[in-house]
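Below is one structure; the comments refer to it alone.
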Amino acid sequence: MRGGILHLAAGVVFAVVAVELIPDLLRDHKPIETVIGFGLGVAAMLGLRSLTEAKEKRENEAREAPQAGGTGGPNLPLGMLSGVAIDLVVDGLMIGIGFAAGAKEGRMLAIALAVELVALGLAVAASMSKLGIARARSLKALVVLSSTFVVGAAIGMMLLSKLPSHWMAGVLAFGAAALLFLVTEELLTEAHEEKESPALTAMFFLGFLAFLILGIVS
C-alpha cells in the first residue's frame, strides 16, 4: 500500500508541474527569470538534502555505537525528522506559490500535496516503527511536523503577496524545480525501495491521468 501511494503521489505532483506550472511559464515568456528561479530551486533542494543526509549519517553512527546503561527507549531520528520538516516547509511555500499564480493553481497544488503528505506520513511512521519508537511518540512527532507545513504556507503567502509581478516567472520556476526534485529524488526513490510490480507502476500513471483530467475539466 505504501509503495502504491508513493507512486500515486509522484504521478499527481508531476502532473501539477506539467499541467499548471509549466504552461504558466511558457505563457509568461521570461527566460532569464525562469533560468534564475529554476537554478535556485535545484540548488536549494540539493543543499537541503546534503545537510539532512549529513545529520542522518551522524545519528546512524551514534546509534550503532555501543551504549552504556539504559537509554529509556530509542531516540527520535532527529536528522530524518528535520529533513522532513524542511520538506514540509517547502511544500507549504509551494501552496503559497500556487495561490500567487492563481486560484486554480493553488487548489491543484493543495490537492496534490495532500496526497504527497499522506505518503510522507506513512514513510515517517514506518521508519520510526522500525527503530522501535513508541506509537505515541511517533504520533506527537507527526503532529509537530504537520505544523511546519502550515508555517511554510503562511510564510509563502506573506512573502509572495509583496513580490513584484515580473518576478512571478522566477517563483514558478523555483516551485517547478522543487516539485520535480520531490518526485524524482524523494517519492520515486522511496517507492522503488519496495518490490516493483506492474500495478505499482500503473499507480504513477493513474495519478498523472487523474490530475490531467482534473486540470482539463476544472
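The slack in the chain from VAL150 to ALA44, taken as 0.36 nm per residue of separation less the alpha-carbon distance, amounts to 36.2 nm. Each peptide in 163-174, 184-195, 85-96, 109-120 was scored by the mean count of other Cβ atoms within 10 Å over its residues; highest first, the order is 85-96, 109-120, 163-174, 184-195. In the chain, the DSSP-assigned H stretches of four residues or longer account for a calculated mean residue ellipticity at 222 nm of -27000 deg cm²/dmol, using -39500 (n - 2.57) per stretch and the full residue count as denominator.
Charge dipole of the chain (Cα centre as origin; +1 on each Lys and Arg Cβ, -1 on each Asp and Glu Cβ, all else neutral): 500 debye, rounded to the nearest 20. Computed from backbone phi with θ = phi - 60° and the Karplus coefficients 6.51, -1.76 and 1.60, the 3J(HN,Hα) list for the range 90-100 is 4, 4, x, 4, 4, 4, x, 4, x, 6, 5 Hz; x is used for glycine and proline.
In a simple Cβ point-charge model (Lys, Arg +1; Asp, Glu -1; nothing else charged), the range 145-218 has a dipole of about 420 debye relative to its Cα centre. Taking Cα extents along the principal axes in Å as calculated from this structure, the corresponding entry among (1) 63, 40, 26; (2) 48, 45, 40; (3) 63, 38, 30 is (1). The 3J(HN,Hα) values that the Karplus relation (6.51, -1.76, 1.60; θ = phi - 60°) gives for the range 16-22 are, in residue order, 4, 4, 6, 8, 10, 6, 4 Hz. Gly and Pro appear as x.
Only the coordinates and a few stated rules stand behind these numbers; no lab work does. What you are looking at is a predicted structure, and each value in this text was computed from that prediction instead of being measured. A quick note on method: Cβ atoms are made from the backbone with ideal geometry, for glycine too, and the neighbour counts reach across all protein chains shown.
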